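Before any comments, here is the structure.
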């Protein structure tokens, strides 16, 4: 007799030994979690992902797995809810080092 067949006949559960969920169930749980946070994330829509993560942590909201918020997690939940992304403004260097203003010297080929 085959080993798996004998285990199955003995009543041992053979499927899903580590508690993995089917992809559809995991996606449904992720969508439900995101929907619970929709009002909070809509309120924080004007903040960058980093600022929103810090604010969610400050307010005591845990991630789906109970961890701390990161910018990547905020972006993922915003994408799941089809909320717009906020790009942080980049600093513009008005005056830089002097070498930026000078053209680079051309090297003459060695003959």
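For the stretch 21-86, what is the convex hull (Cα atoms) projected area averaged across all directions, in square nanometres?
Result: 4.2 nm².
Could you work out how much longer the chain between residue 15 and residue 76 gets when fully extended? Use 0.36 nm per residue separation minus the Cα distance between them, nm to one decimal.
Result for the pair: 18.9 nm of gain on full extension.
Run the numbers on the stretch 21-86 and let me know its relative contact order in percent, using alpha-carbon pairs under 8 Å that are six or more apart.
Computed over the stretch 21-86, the figure is 38 percent.
Hey, with R₀ at 22 Å, roughly what FRET efficiency would residue 62 and residue 87 work out to, going by the Cβ-Cβ distance, to 0.05?
0.25
Here, each number is a calculation from the coordinates, and none is a lab measurement. Remember, it's a predicted structure, so these values are computed and weren't measured experimentally. Neighbour counts are summed over all protein chains in view; Cβ atoms, including those assigned to glycine, are modelled from backbone coordinates with ideal geometry.
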